[in-house]
Amino acid sequence: MGPIAELVPGRLYALQNVIALDGRVSAYPADARGYTVSNCYLIKEGDDAVLLDSGFTAHAPSLIAQIGSILEPEATLSVYPLRINEYMSVCNVEAIAANFNVIQCYSGNADAALWVDFGGRSDAAEQKPYSLKTTLVARKQTLFVGRDKSRAIDAFQAPIRLIGTRWIYDGATRTLFTSDSFSHEWSQSPAGPWTTSVDDNTTTPAQLRSFLLNTRYWWLEGGDTESLRSKLAAVFDKYDIETIAPGYGRILTGRDLVEKQVAMFEDVLRNLDRGVVAPHYVDRDELR
């Protein structure tokens with residue numbers, strides 16, 4: 001079973017599973033070496049919970065053990081893949097639904113059951129009716145955790161995205177779940193650490209810029225990044241954030257580090273704008 005980070009006792013957990021960085025993980029630059037974690041977050045309120053993302057298939061036994069160590073047998077669970085078209089988000093929805101009292105799958109797609117069909121259901125000789133309920137979520141919507149719906153979480157479109165992506169803000173823990181953004185921190189040891197604070201974080205703007213340009217955000221250089229910077233700033237102006245929780249990589253803890261990283265992200269975006277640098281053709285596997 002992978003590590004569990006109890007970010008807020010009894011209310012917020014990071015279910016983490018280690019991935020070696022050896023040049024084959026497309027979410028990281030080809031020359032990145034070391035280790036990272038995929039993060040699935042369990043937001044718990046009493047005997048009800050929401051799971052953000054469901055992890056890779058290889059991690060299914062670990063995730064099921066992690067969830068089982070936290071939830072009471074009678075607890076209800078909702079699953080919300082924040083990137084419906086990415087394996088890291090959707091692979092284990094069926095496996096988790098088969099092991100826990102999953103009452104719904106949140107999605108922006110009405111046919112979410114088809115997107116999460118990684119359990120062999122559609123290929124089975126004797127197909128069983130699919131009973132997992134899909135609850136549609138608008139581009140911006142408040143959801144609730146807890147049988148009495150006492151804990152509100154805000155779901156909204158990611159201000160920076162390559163594919164359909166949702167961010168979540170949990171006001172009860174002042175945590176922003178950023179999916180595939182702020183995922184640029186990793187470790188040299190498979191033991192982590194898997195959180196970072198202002199006391200130990202040494203990431204520079206140059207490192208962040210290189211990470212963005214050598215992963216899915218390769219297209220930022222010479223683009224209209226000023227508009228993206230404004231959208232990013234609006235999120236951090238609106239919410240009181242003490243923790244940035246990405247879908248993979250180390251978790252950023254503490255207001256000081258949040259402010260430092262956001263300022264650095266905005267500065268990198270500003271210097272990638274088409275008013276500062278010209279767009280140009282990028283060769284495959286070119287490292288910047």
| task | Scan the range 109-122 for residues that are part of a loop (DSSP other than H, G, I, E, B) and surrounded by fewer than 23 Cβ atoms within 10 Å (Cβ to Cβ) and report the count. | result | 9
| said: I'd like the full set of residues that are open to solvent by 60 Å² or more (accessible area, probe 1.4 Å) and either small (Gly, Ala, Ser) or over 18 Å from the mean Cα position of the chain (by Cα) (or both), limited to the range 53-76. | reply: Ala58, Pro61, Ser69, Glu72, Pro73, Glu74
| request: Report, by residue number, each residue of the range 235-254 that is acidic (Asp, Glu) and either in contact (Cβ under 8 Å) with a residue 40 or more places away in the chain or buried (at least 20 other Cβ atoms within 10 Å of the Cβ) (or both). | output: Asp240, Glu242
| Test result for Glu266, out of contact with any strand residue (DSSP E or B) (no Cβ under 9 Å at 6 or more places or on another chain) and part of a helix (DSSP H, G or I) | yes
| Selected residue [in a helix (DSSP H, G or I), open to solvent by less than 50 Å² (accessible area, probe 1.4 Å) and over 20 Å from Ala27 (Cβ atoms)] from Leu232, Leu257 | Leu257
| So how many residues does the range 21-45 have that are open to solvent by 50 Å² or more (accessible area, probe 1.4 Å) and of a type outside the set (D, E, K, R)? | 3
| query | What are the residues in the range 1-19 that are over 22 Å from Asp47 (Cα atoms) and free of Cβ contacts under 8 Å to residues at least 60 places away in the same chain, if any? | reply | Asn17
| note | In the set Ala124, Ala113, Ala158, Ala172, the lone residue that is at pLDDT below 95 and touching a strand residue (DSSP E or B) at 6+ places or on another chain (Cβ under 8 Å) is Ala113
| field | strands (runs of 3 or more DSSP E) within the range 1-108 that include 1 or more residues modelled with pLDDT of 95 or more and either within 22 Å of Ser197 (Cα to Cα) or among the acidic types (Asp, Glu) (or both) | value | 4-8, 12-21, 34-45, 48-52
| Looking at the range 23-32, is at least one residue within 28 Å of Arg147 (Cβ to Cβ) and touching a Ser or Thr at 6+ places or on another chain (Cβ under 7 Å)? | no
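The values are calculated or read from the model by the stated rules, or taken from the named source; none is laboratory data. Because the structure is a prediction, the values reported are computed rather than measured. Using ideal geometry, Cβ is built from the backbone for each residue, glycine included, and neighbour counts are taken over all protein chains shown. The accessibility values were calculated without ligands, DNA or RNA, using every heavy atom of the protein model including side chains. Shrake-Rupley method; radii C 1.70, N 1.55, O 1.52, S 1.80 Å.
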